[in-house]
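This report concerns only the one structure given below.
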Amino acid sequence: MKKLLFTVIAALLLVLTSCSENTAASTENEASSRDLFAMDTFMTMKAWGTDRESALSEAALKITELEAMLSVTDENSEIYRAGHSEGKKTEISPETAGIISFALDISEKTSGALNPMIYPVLREWGFTTGEYRIPDSKTIETLLKNTDYRKVRLSGNSIQIPDGMLIDLGAAAKGYTSDAVSEIMRKHGIESAVISLGGNVQTVGSKPDGSDWKVSVRDPFDESSQMCIISVSDKAVVTSGNYERFFTGEDGRRYCHIINPADGYPADNGLASVTIVSESGILCDCLSTAMFVKGKKGASEYWQQNEGFEMIMADSRGEITITEGLENCTEVINGMKTNILKKVQTES
């Protein structure tokens, strides 16, 4: 059924492309857009350039292909097969192996704050099914025994996952996808495009007039307002927040979908949202989750020790912390108190 659906979608996209090319003149000053629903989120892409229609069609096909490869619930996906192999080695594509390798590397660098093996715990809380519940401590303790990412063996295009463990690339898939779409745009000569995959935004080049793109970040305390606007070009902007998916338990507490792999409970460390900005979409995706889990202090320390990304943290006290690389390109518009985090100079 999945293969049939992919074939139908591919045919429709080819028809749409053909129609648009025959009925509309391709000029670089005009924009074309494409909307689709994939990876459990609404996605939209907009591109300028003479070959924009072909680029958008190829990008849409790529998104559908990656969803089929990386779905944790589709029995035909590489991820599902790897996680249900009963501990046997499984051959996967070089692309999937590359994504897993990246996620495991970030897991190691963040001391497990990102953990692609946490899916069974996430499912137990009901965040994958919508049947929310607060698991008892013994259940969580038992599930956590099968979440050690260090037990995964990845060699080339072969992966071996211990029996009882499951892998989920939900914290990396959309980021990798936006990177892949960006590459497709550039291959088609597109110098100006914006890609929005749910909470993941990635820009290709600058706006057609040469100015920066304006990416807004939601106020974590007011769903109808924006917290800040970031000016970027050729960057990805990814936000993780406790307002995205949550439920209120019988105890009156609110539980969010970002699980702390250390204890199996939703992260509750004083942060409301974390936004990561980098040239790499997959890095932004992975770190937005990991830094949220680490909390303000841990995330600040990690940023001090690592390069390649900038960060905005909103805490539960209503304060924003912005790393110095974003100081001159971020406009806080909701009046929250703002702090600038600067790199500490160390003696060589």
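A quick yes/no check of all residues on (1) assigned by TED's automatic domain parsing to the domain that holds N146; (2) at pLDDT 95 or above; (3) within 22 Å of K337 (Cα to Cα):
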{"site": "G189", "(1), (2), (3)": "no, yes, no"}
{"site": "S224", "(1), (2), (3)": "no, no, yes"}
{"site": "K235", "(1), (2), (3)": "no, yes, no"}
{"site": "V238", "(1), (2), (3)": "no, yes, yes"}
{"site": "G241", "(1), (2), (3)": "no, no, yes"}
{"site": "E244", "(1), (2), (3)": "no, no, no"}
{"site": "F247", "(1), (2), (3)": "no, no, no"}
{"site": "N260", "(1), (2), (3)": "no, yes, no"}
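Say whether the condition of being hydrophobic (A, V, I, L, M, F, W, C) and either surrounded by fewer than 19 Cβ atoms within 10 Å (Cβ to Cβ) or out of contact with any helix residue (DSSP H, G or I) (no Cβ under 8 Å at 6 or more places or on another chain) (or both) is met by at least one residue in segment 41-49.
If we filter segment 41-49 for residues that are hydrophobic (A, V, I, L, M, F, W, C), which is where we start, we get 42-43, 45, 47-48.
Within this subset, residues satisfying the condition of being either surrounded by fewer than 19 Cβ atoms within 10 Å (Cβ to Cβ) or out of contact with any helix residue (DSSP H, G or I) (no Cβ under 8 Å at 6 or more places or on another chain) (or both) are 42, 48.
Yes; the residues of segment 41-49 include at least one that is hydrophobic (A, V, I, L, M, F, W, C) and either surrounded by fewer than 19 Cβ atoms within 10 Å (Cβ to Cβ) or out of contact with any helix residue (DSSP H, G or I) (no Cβ under 8 Å at 6 or more places or on another chain) (or both).
Pick out the one residue from S288, S300, S233 that is closer than 16 Å to G199 by Cα, surrounded by 15 or more Cβ atoms within 10 Å (Cβ to Cβ) and touching a residue at least 12 places away in the same chain (Cβ under 8 Å).
Numbers: S300 fails: closer than 16 Å to G199 by Cα; S233 fails: closer than 16 Å to G199 by Cα.
After applying the criteria, what remains is S288.
Quick one: would you say T203 is modelled with pLDDT of 95 or more, part of a strand (DSSP E or B), farther than 23 Å from A59 by Cβ and under 21 Å from the mean Cα position of the chain (by Cα)? Reasoning before the result, please.
On the way: modelled with pLDDT of 95 or more: yes; part of a strand (DSSP E or B): yes; farther than 23 Å from A59 by Cβ: no; under 21 Å from the mean Cα position of the chain (by Cα): yes.
So T203 fails the test.
For Y176, indicate whether it is within 26 Å of I99 (Cα to Cα), aromatic (F, W, Y) and either outside the structural domain of A97 (by TED's automatic domain parsing) or surrounded by fewer than 22 Cβ atoms within 10 Å (Cβ to Cβ) (or both).
On the way: within 26 Å of I99 (Cα to Cα): yes; aromatic (F, W, Y): yes; either outside the structural domain of A97 (by TED's automatic domain parsing) or surrounded by fewer than 22 Cβ atoms within 10 Å (Cβ to Cβ) (or both): yes.
Yes, satisfied.
Applying the selection to segment 121-178, what residues are in contact with a Pro (Cβ under 6 Å, 6 or more places away or on another chain) and either under 20 Å from Y243 (Cα atoms) or free of Cβ contacts under 8 Å to residues at least 40 places away in the same chain (or both)?
Correct list: E124, K151.
Collect the residues in segment 136-161 that are part of a helix (DSSP H, G or I) and within 16 Å of A97 (Cα to Cα), keeping them in residue-number order. Full working, then the answer.
Start the filter on segment 136-161 by keeping residues that are part of a helix (DSSP H, G or I), which leaves 137-144, 149-151.
Matches in segment 136-161: Y149, R150, K151.
Quick check, is L154 closer than 16 Å to A262 by Cβ and at pLDDT 95 or above? I'd like the intermediate steps shown before the answer.
Numbers: closer than 16 Å to A262 by Cβ: no; at pLDDT 95 or above: yes.
In short, no.
Could you go through segment 165-172 and let me know if any residue there is surrounded by fewer than 20 Cβ atoms within 10 Å (Cβ to Cβ) and not basic (K, R). So that I can check it myself, show each step before the final result.
Of segment 165-172, the ones surrounded by fewer than 20 Cβ atoms within 10 Å (Cβ to Cβ) are 165.
If we keep only those that are not basic (K, R) as well, we get 165.
Taking every residue of segment 165-172 in turn, at least one turns out to be surrounded by fewer than 20 Cβ atoms within 10 Å (Cβ to Cβ) and not basic (K, R).
Among the residues of segment 242-286, what is the count of those that are assigned to a loop (DSSP other than H, G, I, E, B), under 20 Å from R218 (Cα atoms) and acidic (D, E)?
Of segment 242-286, the ones assigned to a loop (DSSP other than H, G, I, E, B) are 242-245, 249-253, 257-258, 261-264, 267-270, 279-280.
Now restrict to residues that are under 20 Å from R218 (Cα atoms): 242-245, 257-258, 267-270.
Still in the list and also acidic (D, E): 244, 268.
Of the residues in that region, 2 qualify.
I need a count of the residues in segment 73-82 that are touching a helix residue (DSSP H, G or I) at 6+ places or on another chain (Cβ under 9 Å), surrounded by fewer than 20 Cβ atoms within 10 Å (Cβ to Cβ) and of a type outside the set (S, T, Y).
Residues in segment 73-82 being touching a helix residue (DSSP H, G or I) at 6+ places or on another chain (Cβ under 9 Å), surrounded by fewer than 20 Cβ atoms within 10 Å (Cβ to Cβ) and of a type outside the set (S, T, Y): 3 in total.
Hey, can you tell me all the residues within segment 206-230 that are over 21 Å from the mean Cα position of the chain (by Cα) and without any contact (Cβ under 8 Å) to a residue 40 or more places away in the chain?
Scanning segment 206-230 gives S206, K207, D209, G210, S211, S224.
With the checklist (1) among the aromatic types (F, W, Y); (2) outside any helix (DSSP H, G or I); (3) farther than 30 Å from E124 by Cβ in hand, flag the one item W303 doesn't pass.
Every listed condition holds for W303 apart from (2).
The values are calculated or read from the model by the stated rules, or taken from the named source; none is laboratory data. The shown structure was predicted, so the numbers you read here are calculated from the model rather than taken from an experiment. No Cβ is skipped: glycine too gets one built from the backbone with ideal geometry, and neighbour counts run over all protein chains shown.
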